[in-house]
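Reading through the C-alpha coordinates given below for one structure.
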Amino acid sequence: MRARTRAEVLALVLIAALSAAACNGEPTAPAEQGAPAVVDAEPEQVEAAPAPLRRSCATVELSEAERDAVDQFVRSRVAAGFTAETDVEIPVHFHVINKGAGISNGDVPQSAIDAQIAVLNDAYATTRFSFVLASVDRTTKAEWYTMSLGSTAERQAKSTLRKGGPDHLNLYTARPGGGLLGWATFPSDYAANPSADGVVVLDASLPGGTAKPYNEGDTATHEVGHWLGLYHTFQGGCNKTNDRVDDTAAERSATYGCPMGQDTCRGSGVDPITNFMDYTDDACMNSFTAGQAARMSALWDSYR
(Lines give C-alpha, C1' and ligand atoms only; values in the text may rest on other atoms or scores of the structure.)
Protein backbone atom coordinates (compact mmCIF):
# COMPACT_ATOMS: atom_id res chain seq x y z
CA MET A 1 0.00 0.00 0.00
CA ARG A 2 2.79 2.45 0.86
CA ALA A 3 4.65 1.93 -2.41
CA ARG A 4 1.47 2.53 -4.37
CA THR A 5 0.73 5.71 -2.43
CA ARG A 6 4.28 7.00 -2.94
CA ALA A 7 4.08 6.33 -6.67
CA GLU A 8 0.78 8.15 -6.94
CA VAL A 9 2.20 11.15 -5.10
CA LEU A 10 5.23 11.38 -7.36
CA ALA A 11 3.05 11.02 -10.44
CA LEU A 12 0.92 13.96 -9.30
CA VAL A 13 4.04 16.10 -8.84
CA LEU A 14 5.25 15.30 -12.35
CA ILE A 15 1.85 15.97 -13.93
CA ALA A 16 1.52 19.29 -12.11
CA ALA A 17 5.01 20.41 -13.10
CA LEU A 18 4.48 19.51 -16.75
CA SER A 19 1.11 21.25 -16.82
CA ALA A 20 2.55 24.42 -15.29
CA ALA A 21 5.38 24.49 -17.80
CA ALA A 22 2.99 23.95 -20.71
CA CYS A 23 0.77 26.81 -19.54
CA ASN A 24 3.78 29.11 -19.39
CA GLY A 25 5.08 28.01 -22.76
CA GLU A 26 8.31 26.83 -21.14
CA PRO A 27 10.33 23.77 -22.17
CA THR A 28 10.62 20.89 -19.73
CA ALA A 29 13.41 18.43 -19.11
CA PRO A 30 13.64 15.29 -16.99
CA ALA A 31 15.27 15.64 -13.57
CA GLU A 32 18.93 14.69 -13.59
CA GLN A 33 20.49 12.79 -10.72
CA GLY A 34 23.10 14.93 -9.06
CA ALA A 35 21.35 18.31 -9.40
CA PRO A 36 20.48 19.87 -6.04
CA ALA A 37 16.93 21.02 -6.72
CA VAL A 38 13.69 20.03 -8.37
CA VAL A 39 14.16 20.63 -12.10
CA ASP A 40 11.69 22.16 -14.56
CA ALA A 41 14.16 23.85 -16.90
CA GLU A 42 16.74 22.92 -19.48
CA PRO A 43 19.78 21.21 -17.86
CA GLU A 44 22.11 24.12 -18.61
CA GLN A 45 19.85 26.43 -16.58
CA VAL A 46 20.13 24.32 -13.43
CA GLU A 47 22.72 25.27 -10.87
CA ALA A 48 25.38 22.55 -10.89
CA ALA A 49 25.92 21.15 -7.41
CA PRO A 50 26.05 17.50 -6.37
CA ALA A 51 23.21 15.90 -4.46
CA PRO A 52 24.18 14.47 -1.08
CA LEU A 53 25.64 10.99 -1.43
CA ARG A 54 24.69 9.85 2.07
CA ARG A 55 21.92 10.97 4.40
CA SER A 56 23.10 13.53 6.93
CA CYS A 57 20.86 14.87 9.70
CA ALA A 58 22.19 17.80 11.73
CA THR A 59 19.67 17.57 14.56
CA VAL A 60 21.58 18.24 17.78
CA GLU A 61 21.42 15.15 19.99
CA LEU A 62 20.49 15.54 23.64
CA SER A 63 23.06 14.43 26.18
CA GLU A 64 22.34 11.31 28.20
CA ALA A 65 21.49 13.46 31.21
CA GLU A 66 19.08 15.52 29.12
CA ARG A 67 17.47 12.35 27.75
CA ASP A 68 17.07 11.03 31.30
CA ALA A 69 15.46 14.30 32.40
CA VAL A 70 13.03 14.22 29.47
CA ASP A 71 12.01 10.65 30.22
CA GLN A 72 11.55 11.40 33.91
CA PHE A 73 9.37 14.42 33.12
CA VAL A 74 7.26 12.42 30.68
CA ARG A 75 6.80 9.59 33.19
CA SER A 76 5.65 12.10 35.81
CA ARG A 77 3.13 13.62 33.40
CA VAL A 78 1.78 10.21 32.43
CA ALA A 79 1.49 9.22 36.09
CA ALA A 80 -0.41 12.43 36.80
CA GLY A 81 -2.88 11.72 34.01
CA PHE A 82 -1.70 14.32 31.50
CA THR A 83 -2.40 12.12 28.50
CA ALA A 84 -5.19 12.30 25.97
CA GLU A 85 -4.51 9.73 23.22
CA THR A 86 -7.01 11.54 20.98
CA ASP A 87 -6.23 12.10 17.33
CA VAL A 88 -4.06 15.15 16.67
CA GLU A 89 -4.21 17.20 13.46
CA ILE A 90 -1.06 19.30 13.22
CA PRO A 91 -1.21 22.59 11.26
CA VAL A 92 1.83 22.92 8.99
CA HIS A 93 3.27 26.30 8.04
CA PHE A 94 5.44 25.79 4.97
CA HIS A 95 8.17 28.40 4.52
CA VAL A 96 9.79 28.28 1.09
CA ILE A 97 13.11 30.11 1.25
CA ASN A 98 14.75 30.72 -2.12
CA LYS A 99 17.30 32.90 -3.85
CA GLY A 100 15.13 33.86 -6.80
CA ALA A 101 12.37 32.77 -9.13
CA GLY A 102 12.31 29.24 -10.47
CA ILE A 103 12.65 25.78 -9.00
CA SER A 104 16.40 25.70 -9.57
CA ASN A 105 16.65 28.65 -7.17
CA GLY A 106 14.63 26.88 -4.50
CA ASP A 107 11.18 28.23 -5.30
CA VAL A 108 9.55 24.80 -5.06
CA PRO A 109 6.08 24.43 -6.62
CA GLN A 110 2.84 24.05 -4.71
CA SER A 111 2.51 20.53 -6.13
CA ALA A 112 5.67 19.45 -4.27
CA ILE A 113 4.41 21.01 -1.04
CA ASP A 114 1.07 19.19 -1.36
CA ALA A 115 2.93 15.97 -2.12
CA GLN A 116 5.10 16.43 0.98
CA ILE A 117 2.02 16.76 3.19
CA ALA A 118 0.64 13.57 1.61
CA VAL A 119 3.91 11.72 2.33
CA LEU A 120 3.80 12.83 5.98
CA ASN A 121 0.23 11.65 6.38
CA ASP A 122 1.08 8.32 4.79
CA ALA A 123 4.13 7.83 7.01
CA TYR A 124 2.32 8.73 10.24
CA ALA A 125 -0.88 6.83 9.45
CA THR A 126 -0.16 4.29 12.21
CA THR A 127 0.18 7.04 14.85
CA ARG A 128 -2.32 9.50 16.29
CA PHE A 129 -0.87 12.31 14.19
CA SER A 130 -1.98 13.78 10.88
CA PHE A 131 -0.92 16.95 9.08
CA VAL A 132 -2.85 19.70 7.33
CA LEU A 133 -1.30 22.54 5.34
CA ALA A 134 -2.16 25.75 7.18
CA SER A 135 -0.10 28.31 5.24
CA VAL A 136 2.59 28.76 2.60
CA ASP A 137 4.91 31.74 2.32
CA ARG A 138 7.82 32.38 -0.02
CA THR A 139 10.88 34.43 0.88
CA THR A 140 13.63 35.42 -1.54
CA LYS A 141 16.79 35.94 0.51
CA ALA A 142 20.04 34.34 -0.61
CA GLU A 143 21.70 34.37 2.82
CA TRP A 144 18.75 32.57 4.41
CA TYR A 145 18.61 30.07 1.56
CA THR A 146 22.05 28.71 2.47
CA MET A 147 21.60 28.94 6.24
CA SER A 148 23.37 26.43 8.47
CA LEU A 149 22.38 25.03 11.83
CA GLY A 150 22.80 27.63 14.58
CA SER A 151 23.72 30.41 12.16
CA THR A 152 22.60 34.01 12.29
CA ALA A 153 20.72 33.40 9.06
CA GLU A 154 18.75 30.55 10.63
CA ARG A 155 17.86 32.64 13.67
CA GLN A 156 16.75 35.55 11.50
CA ALA A 157 14.68 33.37 9.18
CA LYS A 158 12.89 31.55 11.96
CA SER A 159 12.25 34.60 14.13
CA THR A 160 10.79 36.38 11.10
CA LEU A 161 8.73 33.58 9.57
CA ARG A 162 7.63 31.24 12.36
CA LYS A 163 3.89 30.98 13.05
CA GLY A 164 1.74 29.41 15.74
CA GLY A 165 2.47 27.81 19.08
CA PRO A 166 4.20 24.57 20.14
CA ASP A 167 1.51 22.49 18.45
CA HIS A 168 2.11 24.04 15.01
CA LEU A 169 4.78 22.56 12.72
CA ASN A 170 6.93 25.13 10.94
CA LEU A 171 8.72 23.51 8.01
CA TYR A 172 11.43 25.46 6.17
CA THR A 173 12.91 24.51 2.80
CA ALA A 174 16.41 25.78 2.00
CA ARG A 175 19.74 24.58 0.63
CA PRO A 176 22.08 24.37 3.63
CA GLY A 177 25.03 22.87 1.77
CA GLY A 178 27.65 20.51 3.11
CA GLY A 179 25.56 17.50 2.13
CA LEU A 180 23.02 18.19 4.87
CA LEU A 181 19.47 17.02 4.30
CA GLY A 182 17.93 18.72 7.31
CA TRP A 183 17.55 19.14 11.07
CA ALA A 184 14.88 19.62 13.69
CA THR A 185 14.28 20.71 17.27
CA PHE A 186 12.97 18.39 20.00
CA PRO A 187 9.75 18.99 21.97
CA SER A 188 11.78 19.66 25.12
CA ASP A 189 13.61 22.51 23.32
CA TYR A 190 10.50 24.62 22.83
CA ALA A 191 10.15 26.32 26.22
CA ALA A 192 13.70 27.68 26.20
CA ASN A 193 13.66 28.93 22.60
CA PRO A 194 10.22 28.98 20.95
CA SER A 195 11.31 30.90 17.85
CA ALA A 196 13.83 28.17 16.94
CA ASP A 197 11.18 25.43 16.96
CA GLY A 198 10.61 23.56 13.71
CA VAL A 199 12.12 21.54 10.89
CA VAL A 200 14.51 22.54 8.10
CA VAL A 201 14.87 20.34 5.00
CA LEU A 202 16.81 20.47 1.76
CA ASP A 203 14.46 21.71 -0.97
CA ALA A 204 15.52 18.92 -3.33
CA SER A 205 14.45 16.27 -0.79
CA LEU A 206 10.76 17.01 -1.35
CA PRO A 207 8.84 14.48 -3.46
CA GLY A 208 9.94 14.78 -7.07
CA GLY A 209 13.18 16.55 -6.17
CA THR A 210 16.62 15.59 -7.38
CA ALA A 211 18.44 14.64 -4.17
CA LYS A 212 18.36 10.96 -5.11
CA PRO A 213 18.04 8.59 -3.31
CA TYR A 214 16.55 11.02 -0.80
CA ASN A 215 13.89 12.65 -2.98
CA GLU A 216 10.65 10.94 -1.94
CA GLY A 217 9.86 13.21 1.01
CA ASP A 218 11.14 11.09 3.88
CA THR A 219 13.74 13.61 4.97
CA ALA A 220 10.78 15.58 6.31
CA THR A 221 9.30 12.36 7.76
CA HIS A 222 12.59 11.71 9.59
CA GLU A 223 13.00 15.27 10.87
CA VAL A 224 9.37 15.52 11.98
CA GLY A 225 10.05 12.33 13.95
CA HIS A 226 12.70 14.28 15.88
CA TRP A 227 10.29 17.20 16.26
CA LEU A 228 7.84 14.76 17.86
CA GLY A 229 10.51 13.38 20.19
CA LEU A 230 12.15 10.39 18.50
CA TYR A 231 15.89 9.72 18.41
CA HIS A 232 17.81 7.90 15.70
CA THR A 233 17.40 4.13 15.77
CA PHE A 234 21.17 3.89 16.14
CA GLN A 235 21.24 6.29 19.11
CA GLY A 236 23.53 4.78 21.73
CA GLY A 237 24.62 1.92 19.51
CA CYS A 238 24.19 -1.53 21.04
CA ASN A 239 23.55 -0.45 24.62
CA LYS A 240 20.25 -1.33 26.28
CA THR A 241 18.76 2.18 26.40
CA ASN A 242 19.80 3.17 22.83
CA ASP A 243 16.89 5.17 21.34
CA ARG A 244 14.70 4.82 24.47
CA VAL A 245 12.16 2.70 22.55
CA ASP A 246 11.86 -0.96 23.50
CA ASP A 247 10.62 -2.38 20.21
CA THR A 248 13.30 -0.98 17.90
CA ALA A 249 16.22 -3.39 17.65
CA ALA A 250 19.58 -1.98 18.66
CA GLU A 251 21.83 -0.87 15.80
CA ARG A 252 25.55 -0.25 16.12
CA SER A 253 25.67 2.76 13.76
CA ALA A 254 23.77 4.55 11.01
CA THR A 255 22.87 2.48 7.98
CA TYR A 256 22.95 3.70 4.38
CA GLY A 257 21.41 2.22 1.25
CA CYS A 258 19.07 -0.68 2.05
CA PRO A 259 21.03 -3.75 3.28
CA MET A 260 18.12 -6.01 4.24
CA GLY A 261 18.90 -8.53 6.98
CA GLN A 262 21.80 -6.58 8.45
CA ASP A 263 22.39 -7.41 12.14
CA THR A 264 25.04 -5.37 13.97
CA CYS A 265 24.06 -5.90 17.64
CA ARG A 266 24.14 -9.46 18.93
CA GLY A 267 20.89 -10.76 20.42
CA SER A 268 18.85 -7.69 19.53
CA GLY A 269 17.42 -8.77 16.19
CA VAL A 270 18.05 -7.51 12.69
CA ASP A 271 18.74 -3.81 12.37
CA PRO A 272 15.64 -1.59 11.89
CA ILE A 273 16.79 -0.30 8.52
CA THR A 274 13.24 0.25 7.21
CA ASN A 275 12.49 2.56 10.13
CA PHE A 276 12.04 6.24 9.32
CA MET A 277 14.59 7.16 12.01
CA ASP A 278 17.54 5.38 10.38
CA TYR A 279 19.69 6.87 7.57
CA THR A 280 18.66 4.51 4.75
CA ASP A 281 17.35 5.54 1.31
CA ASP A 282 13.85 6.98 1.14
CA ALA A 283 12.67 3.94 -0.84
CA CYS A 284 13.85 1.69 2.00
CA MET A 285 12.02 3.53 4.80
CA ASN A 286 8.43 2.55 5.52
CA SER A 287 7.63 2.30 9.22
CA PHE A 288 7.44 3.50 12.79
CA THR A 289 7.05 0.97 15.59
CA ALA A 290 4.24 0.90 18.14
CA GLY A 291 6.79 1.96 20.77
CA GLN A 292 7.82 4.96 18.71
CA ALA A 293 4.16 5.94 18.23
CA ALA A 294 3.66 5.71 22.01
CA ARG A 295 6.76 7.81 22.67
CA MET A 296 5.68 10.53 20.25
CA SER A 297 2.24 10.54 21.84
CA ALA A 298 3.60 10.87 25.38
CA LEU A 299 5.99 13.67 24.43
CA TRP A 300 3.25 15.51 22.56
CA ASP A 301 1.01 15.49 25.62
CA SER A 302 3.90 16.48 27.86
CA TYR A 303 5.47 19.27 25.82
CA ARG A 304 3.26 20.34 22.93
(request) Please sort by residue number the trypsin sites (Lys or Arg not before Pro) in region 71-161 whose DSSP state is loop and whose Cβ has at most 10 other Cβ atoms within 10 Å. (result) none
(request) Using Cα pairs closer than 8 Å and at least 6 residues apart in sequence, work out the relative contact order for region 47-188, in percent. (result) 38
(request) At 1.4 Å probe size, with every protein chain present, just tell me what the per residue accessible area of region 149-270 comes to in Å². (result) 35
(request) May I ask you to list the chymotrypsin sites (Phe, Trp or Tyr not before Pro) in region 59-144 that are in a DSSP loop and have at most 16 other Cβ atoms within 10 Å of their Cβ? (result) Phe82
(message) Through the Karplus equation 6.51 cos²θ - 1.76 cosθ + 1.60, θ set to phi - 60°, convert the phi angles of region 60-67 into ³J(HN,Hα) values in whole Hz; use x for Gly and Pro.
(response) 6, 6, 6, 5, 4, 5, 5, 5
(request) For region 199-209, take each phi angle, set θ = phi - 60°, evaluate the Karplus expression 6.51 cos²θ - 1.76 cosθ + 1.60, and give the result in whole Hz per residue in order, putting x for glycine and proline. (result) 10, 10, 10, 4, 4, 6, 8, 5, x, x, x
(request) State the answer as a single residue: which of Ser130, Leu161, Val199 lies farthest towards the positive end of the charge dipole of region 83-222, with beta carbon charges of +1 for Lys and Arg and -1 for Asp and Glu, about the Cα centre. (result) Leu161
(request) With +1 on each Lys and Arg Cβ and -1 on each Asp and Glu Cβ, and nothing else charged, work out how big the dipole of region 99-252 is about its Cα centre, in Debye to the nearest 20. (result) 380
(request) Starting from the Cα of Lys158, draw a straight line to each of the aspartates and glutamates and keep only those under 14 Å, dropping any in the same chain fewer than 8 residues away. (result) Asp137, Glu143, Asp197
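Got a number for carbon plus sulfur as a percent of region 48-193's accessible area, 1.4 Å probe?
53
The values are calculated or read from the model by the stated rules, or taken from the named source; none is laboratory data. Quick caveat: nothing in here was measured; it's all calculated off a predicted structure. Because the Cβ atoms are built from the backbone with ideal geometry, glycine has one as well, and the counts that use them run over all protein chains shown. These area figures cover heavy atoms from the full protein model, side chains too; ligands, DNA and RNA do not enter into them. Shrake-Rupley method; radii C 1.70, N 1.55, O 1.52, S 1.80 Å.
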